[in-house]
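These notes are about the structure you will find just below.
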C-alpha cells in the first residue's frame, strides 16, 4: 500500500534516473479528448516500459498520487512524493532530495514510445537534452547533480533548458533525432515506426549544438 510519508530517503548511487509520473486516472488528457480507448492502461504500460528500459540503472519515480506510488513500489522502484502539484515543482523537489554522492541525474518522461536503451545512457557533455519530435519539449534531460538548475518544462522547454545550461557555464548537447524523441500525447503518436531489429535506441543518433 502507498506510504503516508511525504518522501522516502533516497539511497546512494552515482547516476539516477528520475521519472515523473502523473496519476494514471487523469493523465493523457489529449488522448482522452480524442476518444482513445484504454488510456489509463496505456499510460501504465508506457510508464512500465520506461522503468524497465532504465535497468540496470537506479530509478526514482516522482509523483503526487497513490496509484502511481503503488505502481512504482510493485516494481521495486524508489518513490519521492512531490509536496506541490506540477511537473516543474515535482522534478525540482526530487532533484534536491538526492544524496550527496549522486553525481548525475537523468530526467525521463514516462511516456516515451521507444524507451529501449535508456539504462545504457551516457552523456558526452555536462548537459544533454533529447527533444520531442517538434524540437520544442524536453523528453530526456541529463545533468550533474547538485546544481542551481531551474527546470522549465512546458512549451519551449528545450530552448529554456539549453539557456539554463549556458547560464551555469555547462557544456551542452542537443539530440533531435533519437527514438526517444517520440512521446505519446496524441493518437498519431501511437502509430508504429520502422522496426529496430531489437537493438536499443541510440541515445546519440544525432547531436546539434544550440
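The values are calculated or read from the model by the stated rules, or taken from the named source; none is laboratory data. Quick caveat, the model's predicted, so the values are computed rather than measured. For neighbour counting, all protein chains shown are included, and Cβ atoms are generated from backbone atoms with ideal geometry for every residue, glycine included.
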Counting only residues that are touching a residue at least 12 places away in the same chain (Cβ under 8 Å) and more than 15 Å from the chain's Cα centre (by Cα), the stretch 145-160 contains a total of 9
In this structure, is residue 99 surrounded by fewer than 18 Cβ atoms within 10 Å (Cβ to Cβ), at pLDDT below 95 and over 12 Å from residue 17 (Cβ atoms)?
yes
Kindly indicate whether any position in the stretch 95-104 is closer than 21 Å to residue 180 by Cβ, in contact with a strand residue (DSSP E or B) (Cβ under 9 Å, 6 or more places away or on another chain) and part of a strand (DSSP E or B).
yes
Does residue 166 satisfy the condition of being assigned to a helix (DSSP H, G or I) and surrounded by fewer than 17 Cβ atoms within 10 Å (Cβ to Cβ)?
yes
Looking at (1) within 13 Å of the chain's Cα centre (by Cα); (2) in a helix (DSSP H, G or I), which is the one condition that is false for residue 140?
(2)
Scanning the stretch 72-94 residue by residue, those farther than 20 Å from residue 147 by Cβ, out of contact with any strand residue (DSSP E or B) (no Cβ under 8 Å at 6 or more places or on another chain) and in a helix (DSSP H, G or I) turn out to be 74
Here are 108, 127: which of them is surrounded by 23 or more Cβ atoms within 10 Å (Cβ to Cβ) and at pLDDT 95 or above?
108
